[in-house]
Amino acid sequence: MSIPHALLAGLKYAITSIITKITTGPMLRWFLLYAAELIVKSTKTPHDDVLFKKVKEAVDGTAQD
């Protein structure tokens, strides 16, 4: 049994549309910061904690000179 071409095209459009909406602006920023935070928490060195804090402050607009 084969899936009709129109159904596959519609499914492809829907998935592409959802991914495009998810990966724009604030959601992409949140995901990247979340992934970076998980990586930083998994390490034992304190240096990446400091770097992550500065990056997060810069991205959030709360950086202090």
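Since every read-out is calculated from the coordinates, none of them should be taken as a lab result. These numbers come from a predicted model, not from an experiment. Note that each Cβ is placed from the backbone with ideal geometry, even for glycine, and that neighbours are counted across all protein chains shown.
Brief remarks on what is shown
- Estimated FRET transfer efficiency (Val55, Thr16; beta-carbon r; R0 30 Å; 0.05): 0.50
- Net charge contributed by nearby residues that have their C-beta within less than 14 Å of Val59 (K/R +1, D/E -1): +1
- Nearby lysines by direct alpha-carbon distance to Lys41 (threshold 25 angstrom, same-chain neighbours under 8 apart not counted): Lys53, Lys54, Lys56
- The structure shown yields mean projected area of the Cα convex hull in nm², and of the options (i) 6.9; (ii) 4.2; (iii) 4.9 that calculated value carries the label (i).
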